[in-house]
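Read through the structure below, which is laid out as structure tokens, and then see the notes.
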């Protein structure tokens, strides 16, 4: 039963309909763990992309999405996501004008 892709999406949609975004995110992350094999990696990436839309730049989601994208030969997109995450993290740790400028440059 955990291997049913549509199940995880429907459960997350139910939580979103209840305005419970954190639970929807947890459901999608949990569901993605069941699709790490090479033949089901596209389902994993799909669930992680939905989770990424719910809460952009959630650390666990971003790291897992970039790993799965790299494994599915989309390394350019994976590097871009990690680069933007590093800029956001750098600014969050040290919110100085120089890091703000680096963050703005990375985003636009």
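Under conditions of 20 °C and 1.002 mPa s, the stretch 1-61 yields 190 µm² s⁻¹ as its translational diffusion coefficient, taking Rh as the Kirkwood radius over Cα pairs in the Stokes-Einstein equation.
Ranked by the mean number of other Cβ atoms within 10 Å per residue, highest first, peptides 22-32, 38-48, 79-89 order as 22-32, 38-48, 79-89. Using only the Cα atoms of the stretch 5-107, build the gyration tensor, take square roots of its eigenvalues as a ≥ b ≥ c, and label the shape rounded, prolate or oblate: rounded if a/c is under 1.5, else prolate if a/b is larger than b/c, else oblate. It comes out oblate by the Cα gyration axes.
Model label sites at residue 101 and residue 37, defined 7 Å from Cα along the beta-carbon direction, differ in position by 5.2 nm.
Laboratory data are not the source of any read-out in this text; all were calculated from the coordinates shown. As the structure is a prediction and not an experimental result, all values here were calculated from the model. All Cβ positions, glycine included, derive from the backbone under ideal geometry; neighbour counts span all protein chains shown.
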